[in-house]
Amino acid sequence: MKRCIIKILKSNIYILTYLLLPLSLAAQTFDFGWSGTELVPASTFLNPAKWTTNVPNAALGDKSIVTASADTLKLNWTFGTGNRGKWSQCYLYLSTPISLANYDLFSFNLKGMPNNGTVGFELKFEDGSHQAVVRWEGLAGLNRWANKISAAKKQFENSAVMNWSSVKVISLSVYAQASDQYVNTDQGSLSIYNLAGTSMAGWTRAGSQEFINPADFVTIKENAIQAIVNRQKSTGLLTTWAEDGTSWLYGQGLALKALSNEGNWNQGAPNNSAAISAEKLALFLINHQQPEGYWPRAWNSLTGAITVLREADGTIWMGDFPWIITGLQSYYKKSGDERVKPALQKAMALLKNLILSDGKFMTVNPANGTTYEVASCEAYAAAILSLYESGEIVLADKMYNYISINGWDSALHCWREATTSDRIVLFANTWMSYYLFQKGETQKGLDAMSLTGKVLYTNGNGELHGMDGIVPLAVWYEGTLSYISAGGPGSISLFEEIRTHIHTDGMVSHYNESLGGIGGIWAENWHSLDGTSWLYFTTSGKSPFDVLEGIPVGLNLLPTKQGTNHFSITNSQTGELKITPLIPIPKAINVRVFQSDGRLLAERKVPANSGESTIPIPLNSRGGKVVLVQIIGFEEMESYPVYIN
């Protein structure tokens, strides 16, 4: 049966949440998913006679035939011979143009069938002069129904120039690239119904975060950390995928932070299995760093041989490299292991050198030194965390401010996939919204989480409900757990379903089914190191984005000498420090504010003869804390301890 009555299933889950548990905080009312308006009446959309077909080369055997059942349109396609780009199209001429101006999200329900290559699906709208197009690679090979496959209007190519008030043609196509070596003939069919649209901008957003109660899941947490330990090989690496024996970089950093969280050390010596495992992994990482300061993307778990050095274009992927800095800093804070210092210093030097003065982030091809802009919000989130973990608060805030301006969609109230992409993706929103919550912009964070909770929610193959990362095709455990960890609305009901799918070894899978590479995701039902690390953080009540206490590698000790008092430092009620000269100051001064463990909180250069000046203190550093204000540039250095209330 292709349709699932999601509302009924979801209601039952909510009822179970209340009946079975004292195990969670009270769930709030939040409706996952969304319903839209059909763009074309069914009497038109489901009428084969209304559709015109087209193929590139009928003489070589290309065919396109449209049929329909009572409620489903079917495009029956045949690709002829030849190593070439192939496609099969049907398009609907609208006798009266329709307006889609008020919609910002479109979706459809679709079922394909297995084929011999990689056959994608394309949706296109035309206004007579322009074509707005979006594509999903491999989607025509999906051999089951998928509901609410969606794309934001901004995601369509040529969306900005399209006259959405006068759409004259709707086109559906399947295609295969010549690069797929699709030489022989192939055929199949694609079924589709409920092409719909909605306005995300008008959606109601949740008003509060929702968390599970960690005290109810101690056993799951302990099993998860033990499962991570059990993935360790003699090299020290943790196996990401047992099926191919590889260890991928991001997961090593994420798991190292989890192990460091749980690890105990006695005068620097590891004192439990998590600490022992953390040490082995940390030592592998510091001994396998590249000369420039980065790490390979993947290794063979058993041998330590590099399987992937860098991205295909030769650059360093900044979505994973910073996680090793985060993991090693966390390890150092807990263990005090001096052996990791040189590697961290080298990595931090590389990272900081790629951050421009305005906070823009770059990557580099180490082979030739060429730098390129980093666009991904996910990569910014990873780098910002590594800076906070390293005590580089001013630089982290600078990066955060840059991506807040360039990565936030002020119309939809969510994080964009990248500064160059308006696609709605999960990690960009769950990771970056953590910072919104920490900085007191709670409603902005909830707006973003609510939107992704609707757009990316899926029942997949009908097995369970959860989130997907890009296209809502199947349940991505890692991504869903990142949503729950961040306190996304509806998290309690989501976790109640996920917990029933935890394996006996304490791990969760990557996805709940194996679809391969399709529609922009890579879905395999393999036990996942990364997903299990997120399971640990979610059930521990911590986030990997929480900075561990302690002095990281790279910070100088606090200056303790107090000079002559040439300034009065007072704390305002608005979260600012007021710096008042007691005598004329004819020189420019540099004001730096440190928290007690040596982290630089804020820095400002004050011109000569400026009189009174202020310097803001980050919100999460206020409240019953002593900071040290350091003033440099006038006679001797002066330091002032100030209590922040």
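The values are calculated or read from the model by the stated rules, or taken from the named source; none is laboratory data. Computed from a predicted model, the values in this text were never measured in an experiment. Reconstructed Cβ throughout: ideal geometry from the backbone, glycine too, with neighbour counts over all protein chains shown. Quick note on the areas: whole protein, heavy atoms, side chains included, nothing else; ligands and nucleic acids left out. Shrake-Rupley method; radii C 1.70, N 1.55, O 1.52, S 1.80 Å.
For this structure, a couple of remarks:
Rundown of residues vs (1) more than 17 Å from the chain's Cα centre (by Cα); (2) polar (S, T, N, Q), yes/no style:
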position	(1), (2)
T452	no, yes
N461	yes, yes
I470	no, no
G506	yes, no
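- Single unsatisfied condition, F427 versus (1) touching a His at 6+ places or on another chain (Cβ under 8 Å); (2) farther than 18 Å from A206 by Cβ; (3) in a helix (DSSP H, G or I): (1)
- Single residue of L481, L494 found to be under 21 Å from Q226 (Cα atoms) and either open to solvent by 10 Å² or more (accessible area, probe 1.4 Å) or modelled with pLDDT of 95 or more (or both): L481
- Taking the stretch 87-118 as the range and being over 18 Å from P41 (Cβ atoms) and modelled with pLDDT of 95 or more as the test, the residues that pass are W87, S88, Q89, A101, D104, L105, L110, K111, G112, M113.
- Condition met for D71 (open to solvent by 50 Å² or more (accessible area, probe 1.4 Å), over 30 Å from Y483 (Cα atoms), at pLDDT below 95 and not in a strand (DSSP E or B)): yes
- Just one residue in the set I583, I579 is within 15 Å of I632 (Cα to Cα), out of contact with any helix residue (DSSP H, G or I) (no Cβ under 7 Å at 6 or more places or on another chain), modelled with pLDDT of 85 or more and hydrophobic (A, V, I, L, M, F, W, C); that residue is I579.
- Listed by first and then second residue, the pairs linking a residue in the stretch 81-102 that is β-branched (V, I, T) to a residue that is open to solvent by less than 40 Å² (accessible area, probe 1.4 Å), with Cβ atoms under 9 Å apart and 6 or more places separating them unless they lie on different chains, are T81/G61; I98/L39; I98/V40; I98/S166; I98/V167; I98/I170.
- Residue, farthest from the chain's Cα centre (by Cα), within the stretch 323-357, restricted to residues that are open to solvent by 70 Å² or more (accessible area, probe 1.4 Å) and polar (S, T, N, Q): Q345
Every residue, every condition in (1) part of a helix (DSSP H, G or I); (2) touching a strand residue (DSSP E or B) at 6+ places or on another chain (Cβ under 6 Å), yes or no:
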| residue | (1), (2) |
| --- | --- |
| A140 | yes, yes |
| N143 | no, no |
| K148 | no, yes |
| A151 | no, yes |
| N163 | no, no |
| V169 | no, yes |
| S173 | no, yes |
| S179 | yes, no |
| N184 | no, no |
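- Sub-6 Å Cβ pairs linking a first residue in the stretch 415-441 that is farther than 19 Å from W317 by Cα to a second residue that is in a loop (DSSP other than H, G, I, E, B), at least 6 apart or interchain, are D422/R416; R423/E417; T430/A486; S433/A486; Y434/A486; Y434/F545, ordered by first then second residue.
- Taken over the stretch 449-481, the criterion of being free of Cβ contacts under 8 Å to residues at least 40 places away in the same chain and not in a helix (DSSP H, G or I) is satisfied by L456, V475.
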